[in-house]
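Okay, structure first, notes after.
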Ligand SMILES: Nc1ncnc2c1ncn2[C@@H]1O[C@H](COP(=O)(O)OP(=O)(O)OP(=O)(O)O)[C@@H](O)[C@H]1O
């Protein structure tokens, strides 16, 4: 058995999320109502300046972790806990308010909202999706049969996508996303909408991706899906990282907490989440910048706007 290289624990890191926070400024009718009740001068000033009453939504706060090749990382948490935001940030579709994300290759996000063209057939969308992911026209053409087979939509693959059910659309998006064999694959609940037969095929595909040393991030509300398909899980609550560990352990803890919430036992839920927070080992991600600064020799063109105090201009 291969011995892992313990001297260099970051050797296989594929994604590093470093102290990421995301905040949104959004209009609020509640804030508007409070303004209506505020003093008339402040109210008039804001009306003249045209400021909409806004509130800050903290979607993510101080998230840090490192994912590695071969890991399937499940993201669990209740509605609005920040799972989809974290995927979008990793995919580079949004910039964090604070912190940064480093990835060793382009992460491909496949979500239920992935943009394909509704008027085109499933087959045409396969080509389109593959080209959008950076495959050449020849590679996209070669990928069509495999994607069709994985999606398993039969003759419906020749019909316009706007005629598909949400589950059929999700299956096609999942199949397209895996066609480019992305090293970092991000899935937002795509599995939850498939039927049993598709679930089996998609799990086999995920196994294949895992074997080819890819990293998979999967968002799901179903702790069982995370438990069955992931090696590791991250539990988010109100944008904060509650637990990060083996999928089975995290799923069991999350399920207990969700049960307490569902049964209207806020004290039990509070105790469970506080225990989890207390046990969590804080992860700090440090990114080593290259040490030697870039040097320009006389053969290099000096970058514009750089001045020098050397009278010879070297
Ligand atoms: N574009 C946006 N503008 C303003 N607020 C946003 C935006 N996107 C997300 N949010 C807010 O950020 C928080 C986290 O949302 P996010 O969609 O990441 O949660 P989630 O865990 O994926 O939820 P769900 O399980 O319901 O899909 C929520 O409070 C949400 O209202």
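The values are calculated or read from the model by the stated rules, or taken from the named source; none is laboratory data. Since the structure is predicted, the reported quantities are computational estimates derived from the model, not experimental observations. All Cβ positions, even for glycine, are placed from backbone atoms using ideal geometry, and neighbour counts span all protein chains on display.
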Next on the checklist: Looking only at the range 84-112, count every residue that is free of Cβ contacts under 8 Å to residues at least 40 places away in the same chain and within 13 Å of residue 219 (Cα to Cα) and tell me the total.
Outcome noted: 1
Checklist entry - Pick from the range 236-266 the residues that are farther than 18 Å from residue 80 by Cα and part of a strand (DSSP E or B): which of them is nearest to the ligand (Cβ to nearest atom)? => result 244
Checklist entry - Would it be correct to say that residue 152 is closer than 20 Å to residue 208 by Cβ and touching a helix residue (DSSP H, G or I) at 6+ places or on another chain (Cβ under 7 Å)? => result yes
Checklist entry - Hey, among the residues in the range 177-197 that are away from the ligand (no atom under 16 Å from the Cβ) and out of contact with any strand residue (DSSP E or B) (no Cβ under 8 Å at 6 or more places or on another chain), which one's modelled with the highest pLDDT? => result 179
Next on the checklist: Tell me whether the range 136-151 contains one or more residues that are outside any helix (DSSP H, G or I), in the same structural domain as residue 214 (by TED's automatic domain parsing), farther than 26 Å from residue 82 by Cβ and in contact (Cβ under 8 Å) with a residue 24 or more places away in the chain.
Outcome noted: no
Item to check | Residue ID - modelled with the lowest pLDDT, chosen from residues in the range 74-100 that are more than 19 Å from residue 238 (Cβ to Cβ) and away from the ligand (no atom under 15 Å from the Cβ) | outcome: 92
Next on the checklist: Would you confirm whether or not the range 206-215 contains a residue that is buried (at least 16 other Cβ atoms within 10 Å of the Cβ) and within 13 Å of the ligand (Cβ to nearest atom)?
Outcome noted: no
Checklist entry - Is it the case that the range 7-19 has a residue that's at pLDDT below 70 and buried (at least 17 other Cβ atoms within 10 Å of the Cβ)? => result no
